[in-house]
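Shown next, in structure tokens, is the structure this report addresses.
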Amino acid sequence: MDDEYSKFVRRMNPPRVVIDNDTCEDATVIQVDSVNKHGILLDVVQVLAEVNLIITKAYISSDGVWFMDVFNVIDQNGKKIRDRDIINYIQMRLESNASFVPSMRDSVGVMPSEEHTSIELSGTDRPGLLSEMCAVLADLHCNVVNAEIWTHNARAAAVVHVTDDSTGCAIKDLNRLTTIKELLCNVLRGNSELKAAKMTLATPGVTNRDRRLHQLMFADRDYEKVERAELQRIEDKGSRPHVTALDCSQKDYTVVTMRSKDRPKLLFDIICTLTDMQYVVFHGMVNTGRMEAYQQSAAGFDKLMTALNLMLTSLYREFYIRHVDGLPISSEAERERVVQCLEAAIERRASEGLELQLCTDDRVGLLSDITRIFRENSLCIKRAEISTKGGKAIDTFYVTDVTGNTVDPKIIDSVRRQIGQTILQVRRNSSPPPKAPQGTTMGYLFGNLFKARSFQNFKLIRSYS
């Protein structure tokens with residue numbers, strides 16, 4: 001009866017979305033009012049991530065039965081959102097029942113099963129792993145049409161969409177699927193006997209692909225310390241995200257604060273992890289602040305300084321959370337686990353290494369050939385996004401050398417000559433993240449919010465900020 005009553009209340013009070021390009025000078029303001037339910041914050045942030053919007057500020061309030069959030073967003077070029085298709089899509093997704101509205105992005109198994117077979121993989125990371133996986137798929141006459149691969153803390157996870165290279169459709173033969181599973185598991189297992197490799201055929205559904213990657217990594221416990229990974233990253237310990245979880249005993253919340261280098265979809269990664277860990281964000285604040293690396297510059301270096309300042313941005317987040325059972329974090333073990341999992345969520349999608357973009361006509365075995373060349377030149381793929389659009393393969397790779405350091409430019413030149421200078425382009429080399437603060441302070445930026453719960457006061461806080 002309670003569930004039916006909640007559904008009735010939501011039907012009588014549908015979400016209201018206001019998209020405003022006039023209030024703020026440098027961002028589009030998106031205001032969402034809705035009846036509160038578990039997971040609604042993730043639903044909203046996921047929609048904004050799907051259309052590649054960057055959240056520069058956010059104010060979250062969902063204490064009680066009502067959900068009131070405000071997001072300042074910009075596009076990938078730092079401009080306001082003027083595209084009517086994107087604006088209409090955001091309103092349609094957020095003001096409708098999300099389970100009946102298709103996503104603009106690929107999701108795990110969301111396409112009809114006739115179009116592709118969706119494979120989920122997780123196992124121990126090592127140099128050349130993606131190359132070996134692609135070689136196996138090519139030998140089995142599987143064509144990779146879309147894929148995303150993440151590595152973190154000596155673990156790897158992937159969601160791969162494949163088709164039969166002769167029919168261009170999904171693979172349905174059970175014996176063939178069993179062979180694919182066995183061979184891929186052997187590749188993932190390698191010489192490691194510490195952790196078993198996992199490979200599943202995803203059933204059709206609506207789970208966001210990025211969320212599935214987080215879930216695969218989380219299930220593989222990539223947030224735990226690994227000796228090999230720690231040794232590789234010992235020089236970068238000062239640049240890791242800074243996460244704290246402290247008690248707010250007077251209001252019975254746990255206050256989680258985070259500071260890290262900003263990047264696209266970072267808020268989605270954080271909210272996704274908290275939601276899957278069964279925590280609810282009741283209040284929160286997100287603020288992106290640019291760290292001015294240089295106060296003055298010669299006229300000839302203005303463009304260079306602007307580029308540096310755009311790269312050197314940090315994101316500060318403060319969330320008031322409780323577990324879904326209504327209780328705050330109650331033990332040091334739980335607190336440590338939340339901190340470790342949030343650090344892992346921030347790091348998984350970090351653009352570590354040199355960014356390479358490949359664009360060429362798609363063909364069967366292309367990905368196998370490209371990754372083989374990378375492996376033969378001792379390039380280690382840290383993250384990859386594979387897509388096929390209109391017969392074109394558009395792939396992005398983040399690579400380092402086998403020790404995790406920056407790749408020698410001579411090696412990159414050699415790789416580009418083998419693949420094609422116009423086919424493989426160097427996009428950028430990731431800059432090191434800003435150094436995390438040494439001290440721990442808790443701002444309680446939402447202290448006054450508990451004293452004034454009306455939305456008018458909430459909007460005053462937004463205006464003041």
Inset, instruction - Could you check how many residues of the stretch 143-188 are surrounded by fewer than 17 Cβ atoms within 10 Å (Cβ to Cβ) and under 18 Å from Leu216 (Cβ atoms)? - result: 2
Legend entry - Residue among Cys359, Cys341, Cys380 that alone is more than 25 Å from Ala135 (Cβ to Cβ) and in contact (Cβ under 8 Å) with a residue 12 or more places away in the chain: Cys341
Legend entry - Ile270, sole failed condition from (1) surrounded by fewer than 21 Cβ atoms within 10 Å (Cβ to Cβ); (2) modelled with pLDDT of 90 or more; (3) in a helix (DSSP H, G or I): (1)
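Quick check: is even one residue across the stretch 9-25 at pLDDT below 85, in a helix (DSSP H, G or I) and open to solvent by less than 40 Å² (accessible area, probe 1.4 Å)?
So the first thing to find is which residues in the stretch 9-25 are at pLDDT below 85, and the list is 9-15.
Still in the running and in a helix (DSSP H, G or I): 9-12.
From the residues that got through so far, the ones that are open to solvent by less than 40 Å² (accessible area, probe 1.4 Å) too are 9.
Yes: the stretch 9-25 contains one or more residues that are at pLDDT below 85, in a helix (DSSP H, G or I) and open to solvent by less than 40 Å² (accessible area, probe 1.4 Å).
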Inset, instruction - Could you run through the stretch 248-279 and say how many residues are within 19 Å of the chain's Cα centre (by Cα) and over 18 Å from Tyr316 (Cβ atoms)? - result: 6
Inset, instruction - Could you list all residues from the stretch 124-180 that are of a type in the set (Ser, Thr, Tyr) and either in contact with a helix residue (DSSP H, G or I) (Cβ under 8 Å, 6 or more places away or on another chain) or closer than 28 Å to Ile346 by Cα (or both)? - result: Thr124, Ser131, Thr151
Legend entry - When residues of the stretch 321-330 are limited to those that are open to solvent by less than 50 Å² (accessible area, probe 1.4 Å) and part of a loop (DSSP other than H, G, I, E, B), the one farthest from Lys37 (Cα to Cα): Ile329
Inset, instruction - Output the residues belonging to the stretch 144-161 that are among the small types (Gly, Ala, Ser) and more than 15 Å from the chain's Cα centre (by Cα). - result: Ala154
Inset, instruction - Could you check how many residues of the stretch 213-257 are open to solvent by less than 10 Å² (accessible area, probe 1.4 Å), in contact with a Ser or Thr (Cβ under 8 Å, 6 or more places away or on another chain) and either at pLDDT below 90 or under 15 Å from Glu336 (Cβ atoms) (or both)? - result: 3
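The values are calculated or read from the model by the stated rules, or taken from the named source; none is laboratory data. Quick caveat, the model's predicted, so the values are computed rather than measured. FYI the Cβ positions are ideal-geometry reconstructions off the backbone, even for glycines, and counts take in every protein chain you see. Side chains included, ligands, DNA and RNA excluded: accessible areas come from the protein's heavy atoms. Shrake-Rupley method; radii C 1.70, N 1.55, O 1.52, S 1.80 Å.
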